[in-house]
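**Student:** Once you've had a glance at the structure underneath, I'll fire off some questions.
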Amino acid sequence: MILVTGATGGLGSATIDFLLEKTAPANIAALVRNPEKAADLRAKGIEIRVGDYNDPASLVAAFTGVDKLYFVSGSDVATRAAQHHNVVEAAREAGVGHIVYTSFDRKTEDGSSPIAFVADSHLKTEQWVRESGISYTILQHGLYTDFLPMFLGEKVLETGVVYQPSGNGKAAFTLRSDMAKAGAEVLTAEGHAGKTYKIVADEAVSYADVAAILSEITGKSIQHVSPTADEYVQTLTGAGVPADFAGFFAAFALGIAAGEFENTQSDLAQLIGQKPTSVRDFLGKVYA
């Protein structure tokens with residue numbers, strides 16, 4: 001039995017769709033907090049198990065009888081470390097056979113990077129997984145290409161400005177569906193135990209590159225403006241963006257500026273059997 005956590009989220013649900021191309025629905029279970037949101041999964045023949053990362057007992061019950069656990073990292077950065085510790089301990093108690101953990105790719109691990117607050121829980125979780133005694137595979141994901149429209153802003157074509165404090169830094173933005181396809185491959189094939197894979201695109205782009213691509217696609221003149229982080233946060237909060245979100249966006253932009261996400265030495269193409277989706281192809285579909 002393969003159990004996918006975060007099954008109603010973007011990554012979890014996409015991974016289940018790819019799993020259904022490789023194995024029968026009877027071999028797949030989905031962990032959800034709210035079963036009412038999982039009607040589409042149930043309709044596909046997926047077994048629904050209810051559990052919450054904050055509730056260890058629910059996790060132990062949900063993980064019982066699971067051969068492979070696709071452990072999607074939590075989205076609440078403030079509580080993620082404690083949640084992830086619950087998941088690993090529950091997997092050990094329930095006798096899970098193998099964990100596939102969705103971590104993130106990074107350059108710096110000494111706490112000095114702009115996104116250290118994000119890295120901390122991932123670094124701890126990787127250590128807990130490796131020390132758990134459970135067979136594992138770690139997937140270090142790049143930044144989601146899917147989030148680019150949000151980072152660019154809904155009025156980017158009107159303003160003609162990509163406003164990000166990322167300097168000349170580049171990132172290997174990676175499409176979520178490519179990540180999901182890689183996850184399904186690891187979950188259904190042999191030879192991945194004890195491996196850590198870089199799940200990133202094979203090309204890194206800057207926001208200036210993104211602006212140039214948008215200009216080509218739309219025929220409009222789009223430029224990248226890189227303010228200071230303080231200016232960026234002030235501008236966003238002045239436009240009504242909550243301060244926590246503005247700070248979060250700024251930290252990732254500064255991470256790009258520092259080269260935290262520029263790695264293109266990737267295992268993705270080998271796992272999915274094709275070239276990863278490029279930023280150009282993605283933006284072409286979104287903005288054409």
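The values are calculated or read from the model by the stated rules, or taken from the named source; none is laboratory data. The shown structure was predicted, so the numbers you read here are calculated from the model rather than taken from an experiment. So basically every Cβ, Gly included, is an ideal-geometry build from the backbone, and we count neighbours across all protein chains shown.
Table: residues versus (1) under 24 Å from the mean Cα position of the chain (by Cα); (2) surrounded by 14 or more Cβ atoms within 10 Å (Cβ to Cβ); (3) modelled with pLDDT of 95 or more.
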residue	(1), (2), (3)
ALA180	yes, yes, yes
GLU185	yes, yes, yes
GLY191	yes, no, yes
THR196	yes, yes, yes
ASP209	yes, yes, yes
VAL225	no, yes, yes
THR228	no, no, yes
ALA239	no, no, no
ALA243	yes, no, no
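**Student:** Please go through the stretch 106-122 and give me each residue that is surrounded by fewer than 17 Cβ atoms within 10 Å (Cβ to Cβ) and either assigned to a loop (DSSP other than H, G, I, E, B) or free of Cβ contacts under 8 Å to residues at least 24 places away in the same chain (or both), ordered by number.
**Tutor:** Going through the stretch 106-122, the residues surrounded by fewer than 17 Cβ atoms within 10 Å (Cβ to Cβ) turn out to be 107-112, 117, 120.
If the condition is that a residue be surrounded by fewer than 17 Cβ atoms within 10 Å (Cβ to Cβ) and either assigned to a loop (DSSP other than H, G, I, E, B) or free of Cβ contacts under 8 Å to residues at least 24 places away in the same chain (or both), then LYS107, THR108, GLU109, ASP110, GLY111, SER112 are the ones that fit.
To keep it simple, each residue is scored yes or no on (1) surrounded by fewer than 17 Cβ atoms within 10 Å (Cβ to Cβ); (2) more than 30 Å from LEU236 (Cα to Cα); (3) touching a Gly at 6+ places or on another chain (Cβ under 9 Å); (4) in the same structural domain as LEU20 (by TED's automatic domain parsing).
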site: ILE46; (1), (2), (3), (4): no, yes, no, yes
site: ALA61; (1), (2), (3), (4): yes, yes, yes, yes
site: VAL72; (1), (2), (3), (4): no, no, yes, yes
site: GLY133; (1), (2), (3), (4): yes, yes, no, yes
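**Student:** From (1) surrounded by fewer than 16 Cβ atoms within 10 Å (Cβ to Cβ); (2) in contact (Cβ under 8 Å) with a residue 12 or more places away in the chain, pick out the condition that doesn't hold for ALA94.
**Tutor:** In the conditions (1) surrounded by fewer than 16 Cβ atoms within 10 Å (Cβ to Cβ); (2) in contact (Cβ under 8 Å) with a residue 12 or more places away in the chain, ALA94 misses (1) alone.
**Student:** Please pick out the residue among LYS275, LYS285 that is among the basic types (Lys, Arg) and under 20 Å from HIS141 (Cβ atoms). Break it down stepwise before answering.
**Tutor:** Details: LYS285 fails: under 20 Å from HIS141 (Cβ atoms).
Of LYS275, LYS285, the one residue that is among the basic types (Lys, Arg) and under 20 Å from HIS141 (Cβ atoms) is LYS275.
**Student:** A further question on this structure: Have a look at ALA258, ALA253 and point out the one that is buried (at least 19 other Cβ atoms within 10 Å of the Cβ), closer than 11 Å to ILE115 by Cβ and aliphatic (A, V, I, L, M).
**Tutor:** Of ALA258, ALA253, the one residue that is buried (at least 19 other Cβ atoms within 10 Å of the Cβ), closer than 11 Å to ILE115 by Cβ and aliphatic (A, V, I, L, M) is ALA253.
**Student:** Does ALA182 count as over 16 Å from ARG280 (Cα atoms), among the small types (Gly, Ala, Ser), in contact (Cβ under 8 Å) with a residue 24 or more places away in the chain and not assigned by TED's automatic domain parsing to the domain that holds THR23? Lay out the reasoning, then the answer.
**Tutor:** On the way: over 16 Å from ARG280 (Cα atoms): yes; among the small types (Gly, Ala, Ser): yes; in contact (Cβ under 8 Å) with a residue 24 or more places away in the chain: yes; not assigned by TED's automatic domain parsing to the domain that holds THR23: yes.
So ALA182 passes the test.
**Student:** Which one of ILE48, ILE16 is assigned to a strand (DSSP E or B), of a type outside the set (S, T, N, Q) and touching a strand residue (DSSP E or B) at 6+ places or on another chain (Cβ under 7 Å)? I'd like the intermediate steps shown before the answer.
**Tutor:** Working: ILE16 fails: assigned to a strand (DSSP E or B).
Testing whether each residue is assigned to a strand (DSSP E or B), of a type outside the set (S, T, N, Q) and touching a strand residue (DSSP E or B) at 6+ places or on another chain (Cβ under 7 Å) leaves just ILE48.
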